[in-house]
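The structure appears below as C-alpha cells.
What follows is calculated from the coordinates using simple rules that are stated; it is not laboratory data. What you see is a predicted model; the values in this text were computed from it and never measured. Because the Cβ atoms are built from the backbone with ideal geometry, glycine has one as well, and the counts that use them run over all protein chains shown.
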Amino acid sequence: MIENLHLLINVSLLAFLVLIVFAAINTNNLFVATMLFGIFSFVTALLFLDLDAVDVAFTEAAVGAGFTTVLMLSALRLTGAFENVKHRHSVLGLLIVVLTGAALIYGTADFPSMGDANAAVHLNLAPEFIQLTQEKIDIPNVVTAVLASFRGYDTFGETVVVFSAGVAVLLLLGMGHVEPKQEPEQNIVLWIVVKPFIALILIFGLYVQFHGDFGAGGGFQAGVIFASGFILYSLVFGESYARKVIPSSILPRFAALGVIIYGVTGLASLLGDKPFLDYNALSSNPVSGQHIGILLVEAGVGLAVFATVLLIFYSFSGVNHNE
Amino acid sequence: MMIISLLSDICLLLGGILTLTGALGLLRLPSFYTRLHAASVTESLAAPLLIIGIILDTGFTLDSAKLILIIVIMVVSNPTITHALCRAAAHGGYTPDMQNKEKSQTQTDTCAKESK
C-alpha cells in the first residue's frame with residue numbers, strides 16, 4: 001500500500017515537472033516563466049523530500065525557489081516582461097534536440113533502479129562514511145559529516161566558487177548606488193506582517209546554521225535563509241533602507257572573511273602536525289576536535305554564502321538606479 | 001478516541017472538499033479577483049483543516065507542535081500574500097468591475113491574452 005502511494009506521489013510529481021516545463025516553453029511572458037520555474041523548484045524539492053534527501057530539498061527550496069526567483073525578477077525589471085517573439089522553426093534545431101533527448105533516455109537504461117542496494121554509489125564509500133561518522137565524528141547527521149569533514153576539500157572548493165561568483169557579479173555590475181527616498185511606500189499590512197516574519201526567518205537561519213550537525217541543514221542553507229530575511233526587508237521597505245541596515249561595502253569583506261575562516265581552520269590543523277582540514281588536531285580529544293572543526297567550517301560557509309547572496313541581490317537591484 | 005478519530009476524519013474531509021472547491025473556482029471563476037478569492041480559501045482554510053486532521057490522527061508530539069507553527073504561519077501569511085497580490089493587480093490597472101458584466105469579461109480576456 002505504502003509502496004503504491006510512494007509510486008503515485010513520485011509519478012504525479014514528475015508529471016507536474018514535465019507539464020511545468022512545457023508551460024514555461026509555451027509562454028512568452030517572462031514573469032509567468034519565472035514563476036513557473038519557481039514552482040518547478042518547489043516540486044523538485046518535494047521529490048527530494050520524498051527520496052529522504054532532506055538537506056538537498058532544503059537547498060533546492062531556499063535557493064531554487066526563493067533566491068533565484070527574486071534574482072530573475074530583479075533582472076526582469078531591467079529587461080521588461082515580454083519575450084521578443086521570433087517565428088523561426090529550425091529543422092536542424094529540432095533534430096539536435098530530439099537526438100540529445102533520445103541519447104539521454106537511452107543512457108537511463110544503464111542506471112541502477114531506484115533504491116537498489118547494490119548500486120555502485122552505495123558500495124564504494126558510503127558504508128565507510130556511515131560507519132566512520134558514528135565512530136570518529138559522533139554527530140547524527142551523516143550529510144554534515146561527509147560535507148564538512150570527509151569531503152572538506154570539496155566543500156572548501158565550493159565555498160571559493162560561491163565567493164568568486166560574488167566577485168564576478170561585483171566586477172560586472174558593480175554595487176550600484178540607491179538614492180535614499182524620503183518615505184517608503186505606505187503599505188501598513190505588509191509592514192506589520194513582515195516585521196515579525198523577518199525576525200522568525202533570521203532565527204530560523206541561525207537554527208539551521210547551528211543545528212546542522214543534528215538535523216537537516218548547514219552553512220549553505222543557513223546563509224541563503226539568513227540573506228532572504230534581508231532580501232524580504234529590502235523588497236517591502238525599499239532598498240535604501242536595507243542598505244542602511246547592512247551597508248553594501250562590508251558585504252565583499254564578509255564573503256572573504258567566510259572563506260578565510262574556512263582556510264584558517266585548515267591551516268590550524270596543519271600546525272597540529274595533521275593534514276590540511278584534518279580536525280582531529282584542533283583538540284586533545286579527536287571527536288571534540290571534529291566538532292570544533294565542523295562548527296568553524298560551517299560558520300565560514302554560512303558567512304560566505306550569506307554575504308555573496310546578499311551582494312548579488314544588491315548588485316542586481318542597484319543597476320536599475322544607475323541609469 | 002472514537003470521537004477524536006471522527007473529528008480528524010471530518011477535518012480531513014472538509015479540508016479535501018474545500019481544496020476541491022478552491023481548485024474548481026481557480027479554474028472556472030471569471031476574473032482575476034474572484035480567482036484570487038478562490039485560491040485564498042484553499043490556502044487559509046483548507047490547508048489548516050487538513051493539518052489539524054493529521055494532528056488529531058497522530059496525537060500530540062513534537063512534530064504536531066511544528067505543524068501547529070506551520071498553521072500559524074499559513075494563517076498569517078496567506079491573507080497577506082493575497083492582499084499583496086490584489087494590491088499589485090490594482091496597481092497594475094486591473095480594476096474590478098461590479099456593474100458591467102460584459103466589460104469585465106472583455107477585461108478578463110485581455111488579461112488572459114497578456115498572461116499568455
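Overview of values
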{"read-out": "Cα centroid separation, region B:7-43 to region A:256-323 (Å)", "value": "46"}
{"read-out": "Choice from A:Val162, A:Val193, A:Val142 showing the highest fluctuation, given a GNM over chain A with Cα pairs closer than 10 Å", "value": "A:Val193"}
{"read-out": "Kirkwood hydrodynamic radius of region A:165-255, from inverse mean 1/r over distinct Cα pairs, in Å", "value": "14.8"}
{"read-out": "Per-residue average of Cβ from other chains inside 10 Å of B:72-82", "value": "2"}
{"read-out": "Chain A: DSSP helices with Cα axial extent of at least 24 Å and average Kyte-Doolittle hydropathy no lower than -0.5", "value": "A:2-26, A:30-50, A:91-108, A:152-173, A:188-210, A:219-237, A:251-271, A:286-322"}
{"read-out": "Neighbour-count order for A:Glu83, B:Glu43, fewest beta carbons within 10 angstrom listed first", "value": "A:Glu83, B:Glu43"}
{"read-out": "Count of Lys pairs (Cα-Cα under 22 Å; at least 8 positions apart or interchain) in the protein assembly as shown", "value": "10"}
{"read-out": "Region A:141-323 - Kirkwood radius from inverse mean 1/r over Cα pairs (Å)", "value": "17.4"}
{"read-out": "Order of A:Leu76, A:Leu296 - criterion: other Cβ atoms within 10 Å of each residue's Cβ, fewest first", "value": "A:Leu76, A:Leu296"}
{"read-out": "Measure of compaction for region A:226-316 (Cα Rg per 2.2 N^0.38 Å)", "value": "1.37"}
{"read-out": "For residues of A:186-193, the mean tally of beta carbons on other chains within 10 Å", "value": "3"}
{"read-out": "Sorted by Cβ density within 10 Å, fewest first, the residues A:Phe254, A:Phe316", "value": "A:Phe254, A:Phe316"}
{"read-out": "Space enclosed by the convex hull of the alpha-carbon atoms of the protein assembly as shown, per residue, Å³", "value": "210"}
{"read-out": "Mean separation of Cα contacts under 8 Å (6+ apart) over length of chain A, as relative contact order %", "value": "20"}
{"read-out": "At q = 0.10, 0.11, 0.19 Å⁻¹, base-10 log of I(q)/I(0) for region A:1-124 (Debye sum, equal scatterers on each alpha carbon)", "value": "-0.47, -0.56, -1.24"}
{"read-out": "Nitroxide proxy distance, nm - points 7 Å out along Cα→Cβ at A:Leu123 and A:Val161", "value": "2.8"}
{"read-out": "Residue-averaged [θ]222 nm for chain A, counting only DSSP H segments that reach four residues, each worth -39500 (n - 2.57)", "value": "-23000 deg cm²/dmol"}
{"read-out": "Inter-centroid distance (Cα atoms) of region A:223-245 relative to region A:64-80, Å", "value": "15"}
